[in-house]
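Here the structure comes first, spelled out in structure tokens, and everything after it is commentary.
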Amino acid sequence: MADNNAPPENHDSSVDANVPSENENEASIDALARKVQESLSHAKKHKFWETQPVGQFKDLGDSSLPEGPIEQPTPLSEVKQEPFNLPTPYEWITCNMDSDEMCNEVYALLTNNYVEDDESMFRFNYSKEFLLWALRPPGYYRSWHIGVRVKSSKKLVAFITGVPAKIRVRDTVIVMAEVNFLCVHKKLRSKRLAPVMIKEVTRRVHLENIWQAAYTAGVVLPTPITTCQYWHRSLNPKKLIDVGFSRLGARMTMSRTIKLYKLPEQTVTPGFRKMEPHDVPAVTRLLRNYLKLFVVAPDFDEDDVEHWMLPKENVVDSYLVESPDTHEITDFCSFYTLPSSILGNQNHSTLKAAYSYYNVSTKTPWLQLMNDALIVAKKNGFDVFNALDVMHNETFLKELKFGPGDGKLHYYLYNYRLKNVLRPSELGLVLL
Ligand SMILES: CC(C)(COP(=O)(O)OP(=O)(O)OC[C@H]1O[C@@H](n2cnc3c(N)ncnc32)[C@H](O)[C@@H]1OP(=O)(O)O)[C@@H](O)C(=O)NCCC(=O)NCCS
């Protein structure tokens, strides 16, 4: 089971909606470089991943292989009862995230060592409140919050987590682990600690009689069920350009750029409002109906929706449209708050980013619904609104002036084979 993660913070490669040809050339060279990189990583040996029950590159396109679990569950008594061995200076801990002290340690490890973009300009800065939300959903297991400490100093140097989730693949709902927050301290990299972390979380998942997992990574591993792209919508273009997140388009001035991305002060959809606790049943119905459209998607019940969708300050925002006439809940949009530390800039230390989460349009047109989401995000001080090209997001990205980012996000399933690679639009799953 790999760690599940979002990709490095992506740079917005097209600032102007009318991307000039110079940028296009650069973009195509970038695309070519990416293709070369990708084909190299296919040829690359994966000493660890080749030993795991995951789709292997050599099997791609082999239609004789069945869809479904790659290995059958073993009796629980046959699951290894002791943790995997660590190099002698280190020890396993189970992280009690309810403890403020533990939460601070995890926060510090991730803040200083978690995902960066390729040029090390930005690093994800998940807040403590966010971590508590992400790691304690209904039915979570404390034993899946795993740390590695230096025995002598007790310093936390590595981390990996899982949380349980019901995920549907075509017609089958499977309880899986969503694995995330794999992190090894910068000073301990390339020592093959990550495979031990992954094997240990897998073992603890097996002990709960769970045999599948879902995860994402910015790197290519055997083998993605789909590969998605991040798109970025500038809300505060001046800051994004100042910190090097985006560039001023050719023949664009700062004031033209600011004008291009300007949004109305108020949302336009009648009945557009924040989600409240009494909306949980209606939102669950709306989401369940919508997510049926995708090949792989979460199977949310009301408890899940209460946990994952109810607005939580600086963590997750959800809005819906309540018809002024019928009071029916017809549309929904949500985004989570994931700031990035800006590394080495004199004037700015944090990039405030909103990440599109789950959205449903039944009555309000997609463009209008998501433009209202942009308006509330801008009002709440976000600098940029990010979205993957999953679900129906492609119907609004270009028209709402999102530009494609330069990183990819690969989605994986552990111990479950799909016959074919999916298109991003066939995926109904967003991991944090
Ligand atoms: C990701 C990270 C934990 C890997 O640790 P490392 O010290 O670089 O690599 P190790 O020597 O321990 O292990 C290498 C193995 O882990 C695999 N690996 C690397 N990143 C991985 C990931 N994100 N998910 C799953 N496996 C991963 C490698 O493919 C390799 O296995 P292989 O030989 O079968 O290909 C570390 O680089 C890190 O903390 N990076 C910053 C945070 C981050 O990017 N987290 C993951 C986000 S998706």
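Values quoted throughout were computed directly from the atomic coordinates according to the rules given, and no laboratory measurement underlies them. Not measured: the values here are computed from a predicted model. Every residue, glycine as well, gets a Cβ built from its backbone with ideal geometry; the counts of neighbours run over all protein chains shown.
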Loop-located trypsin sites (Lys or Arg not before Pro) in segment 225-309, at most 11 other Cβ atoms within 10 Å (DSSP): Arg251, Lys262, Lys292
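Taking the Cβ of Val175 as the centre, find all other residues whose Cβ is under 10 Å away and add up their charges (Lys, Arg: +1; Asp, Glu: -1).
-1
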Global size of segment 169-244 as Cα Rg and Dmax, reported in angstrom: 17.7, 51
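Calculate, for Lys187 and Gln346, the FRET efficiency according to 1/(1 + (r/R0)^6) with r their C-beta to C-beta distance and R0 35 Å; round to the nearest 0.05.
0.80
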Too-long pairs where the Cα-Cα distance tops 29 Å, listed order kept, from Lys352/Lys398; Lys155/Lys378; Lys186/Lys262; Lys191/Lys312; Lys186/Lys419; Lys199/Lys398: Lys155/Lys378; Lys186/Lys262; Lys191/Lys312; Lys186/Lys419; Lys199/Lys398
Neighbourhood charge, 10 Å Cβ-Cβ cut-off, centred on Thr267 and excluding it, Lys, Arg +1 and Asp, Glu -1: 0
Gain upon complete extension [Lys262, Leu60; 0.36 nm per residue less C-alpha separation]: 68.2 nm
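Arranged by the count of other C-beta atoms within 10 angstrom, fewest first, what order do Ser356, Ser152, Ser246 take?
Ser152, Ser246, Ser356
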Tensor-based shape of segment 29-185 (alpha-carbon gyration tensor, a/c under 1.5 rounded, otherwise prolate or oblate): oblate
Whole-Å distance, taken between Cα centres, linking segment 354-432 and segment 79-99: 36
Gyration tensor (alpha-carbon) shape descriptor, segment 251-358, a/c threshold 1.5: prolate
Sum of -39500 (n - 2.57) over DSSP H runs of 4+, divided by residues of the chain (222 nm, nearest 500): -7500 deg cm²/dmol
Given charges at beta-carbon only (K, R positive; D, E negative), |dipole| of segment 236-277 in Debye: 220
Charge-dipole axis of the chain as Lys and Arg at +1 and Asp and Glu at -1 on Cβ define it, positive-most pick from Gln266, Met176, His307: Met176
Given charges at beta-carbon only (K, R positive; D, E negative), |dipole| of segment 46-223 in Debye: 580
Residue-by-residue Karplus 3J(HN,Hα) for segment 251-265, coefficients 6.51, -1.76, 1.60, Hz, glycine and proline x: 6, 10, 9, 4, 5, 5, 5, 4, 5, 4, 9, 4, 10, x, 6
Hz values of 3J(HN,Hα) by residue in segment 81-87 - Karplus curve (6.51, -1.76, 1.60), Gly and Pro given as x: 8, 9, x, 5, 6, 10, x
